[in-house]
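The values are calculated or read from the model by the stated rules, or taken from the named source; none is laboratory data. In this text, all values refer to a predicted model and were calculated from it rather than measured experimentally. We place every Cβ from the backbone using ideal geometry, glycine too, and count neighbours over all the protein chains shown. For the accessible areas, the whole protein counts, side chains as well, though only heavy atoms, and no ligand, DNA or RNA atoms are used. Shrake-Rupley method; radii C 1.70, N 1.55, O 1.52, S 1.80 Å.
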Amino acid sequence: MGFKRFDPEDFVISADTVTSTVWSGFQPSLNSYFTSSVQKEGTSGPYYLNVYQTSSNANGSEIQFSVAFGDVKGRGAVDFDSGVPGKSPSRSIYGQYRTLVLEDENAKFTYGSNFTGSYFYAINVERARYKEKLFPGSLNLTLSSSNSQLDYLHLTDNSNEVSLPTFYGTQRAYQIISGSNGKSWSSNSGANGYSYSGSYGLFLPDISVILLNGAALDDTSEPGETGIGDGAGIGLNTSLINNINGDNASKLFVHISGSDGNSRNNIFELNSQETITSDFVFIRARNSEFNYSENPSYISGSTGEVIFNYFINNPQTFPTCVGMYNDSNELLAVAKLSKPINKDFTKEALIRVKLDF
């Protein structure tokens, strides 16, 4: 065994970006949607609704994302205490995302340049579906319309139309617009794919959250590519104002899944993004190094002489692995070669070791 200290130029650090789909089974698009009546009727039901790719009772069924509704005044849900109006699950959801995204309990969500919304629908991608973050530009979400005069709404983020994202607190955010693959459609009647009520929401890739602007989804005054609500659909309506449980999470689920009967191949496409940092270590064996073996079969046990005279002036070794040690002579890592390398005084070897973190 031979030892050699690394030089500073033997180390190189590299970072590579890897993308993959977030849905179970490595599917590029989510086309089937199921919910669980047990979860919906349970203690978490008033706060959010889990969505599965198969029946929740089937083998291999996994949560893909969850849907929630938040309102700054607590509308759209039953109050925790009838004697304290406005304190409800929808207000808790609003406050939770306001703290998470805006990092200020007095701040308001702004969609586009200046539209301030008081309620939203939140789509939270299940954490087990990705490793690091979501991939901007990969969002393609189709929502069916409850308005018979409309078709359906295609949503994406505007990451391919802006040079820098917007920051809400410390969170990177992109506006959600009408379009596909990170760009708006030129045929949109609204500027830059916006509705008359600002953008359609915020895409927050670092925390896997999609916030949909409720007012934009309920806007049916705009012709052509418009909202999916109609006052009694998924938006803020009379039942919400009266603090009746409007079950808004289920209303949005209906338009995502197309279970309202107006579906035309509803899809939900989304990819994840991961930055893999690698350390490359270059092991350099020069022609004069690592040519003699310490294998006991090379040396006579009684005299300590080399048994075969041929190896005195023309030794040969066959390295098979590289061990990395610290200054305390502790083995930290082992890199195995795909096949032994023939090494003698006429050959040099350069071995590249890659360490991923």
Margin query: Consider the stretch 1-42. How many of its residues are of a type in the set (Phe, Trp, Tyr), part of a loop (DSSP other than H, G, I, E, B) and over 30 Å from Thr142 (Cβ atoms)?
Written below: 2
Next item on the list: Among the candidates Glu62, Glu41, single out the residue that is of a type in the set (D, E, K, R) and under 20 Å from the mean Cα position of the chain (by Cα).
Entry: Glu62
Next item on the list: Count, please, the residues in the stretch 267-291 that happen to be assigned to a loop (DSSP other than H, G, I, E, B), open to solvent by 30 Å² or more (accessible area, probe 1.4 Å) and within 30 Å of Gly137 (Cα to Cα).
Entry: 1
Next item on the list: Looking only at the stretch 185-198, decide whether some residue is surrounded by fewer than 17 Cβ atoms within 10 Å (Cβ to Cβ), out of contact with any Leu (no Cβ under 6 Å at 6 or more places or on another chain) and at pLDDT 85 or above.
Entry: no
Check: Which ones in the stretch 167-186 are polar (S, T, N, Q) and in contact (Cβ under 8 Å) with a residue 24 or more places away in the chain?
Finding: Thr170, Gln171, Gln175, Ser178, Ser180, Asn181, Ser184
Next item on the list: Might you check whether a residue that is open to solvent by 30 Å² or more (accessible area, probe 1.4 Å), under 20 Å from the mean Cα position of the chain (by Cα) and of a type outside the set (Ser, Thr, Tyr) occurs anywhere in the stretch 133-151?
Entry: yes
Margin query: Condition first: of a type in the set (Gly, Ala, Ser) and either open to solvent by less than 90 Å² (accessible area, probe 1.4 Å) or within 60 Å of the chain's Cα centre (by Cα) (or both). Now tell me which residues in the stretch 292-318 satisfy that.
Written below: Ser293, Ser297, Ser300, Gly301, Gly304
Checklist line | Flag if Asp7 is in contact (Cβ under 8 Å) with a residue 40 or more places away in the chain, loosely packed, with under 14 Cβ neighbours inside 10 Å and of a type outside the set (Lys, Arg) | finding: no
Checklist line | Failed criterion for Asn31 (all others in (1) within 30 Å of Asp327 (Cβ to Cβ); (2) modelled with pLDDT under 90 hold) | finding: (1)
Next item on the list: Scan the stretch 23-50 for residues that are among the aliphatic types (A, V, I, L, M) and either out of contact with any Asp or Glu (no Cβ under 8 Å at 6 or more places or on another chain) or open to solvent by 20 Å² or more (accessible area, probe 1.4 Å) (or both) and report the count.
Entry: 2
Checklist line | Cross-chain or 6+ apart pairs with Cβ under 7 Å, the stretch 99-119 first and more than 16 Å from Tyr174 (Cα to Cα), then assigned to a strand (DSSP E or B) and of a type in the set (Asp, Glu) | finding: Ser118/Asp71; Tyr119/Asp71
Notebook entry, point to check: Are any residues in the stretch 333-354 without any contact (Cβ under 8 Å) to a residue 24 or more places away in the chain and open to solvent by 100 Å² or more (accessible area, probe 1.4 Å), and if so, which ones?
Noted result: Lys336, Ser338, Lys339
Note to self: If I filter the stretch 91-101 for residues that are among the charged types (D, E, K, R), at pLDDT 90 or above and more than 27 Å from Tyr196 (Cβ to Cβ), do I get at least one hit?
What the structure shows: no
Item checked: Scope the stretch 63-87; condition open to solvent by less than 10 Å² (accessible area, probe 1.4 Å), in a loop (DSSP other than H, G, I, E, B) and at pLDDT 90 or above; matching residues -> none
Next item on the list: Would you mind telling me which numbered condition in (1) surrounded by fewer than 15 Cβ atoms within 10 Å (Cβ to Cβ); (2) at pLDDT 90 or above; (3) more than 20 Å from the chain's Cα centre (by Cα) Arg127 fails?
Entry: (3)
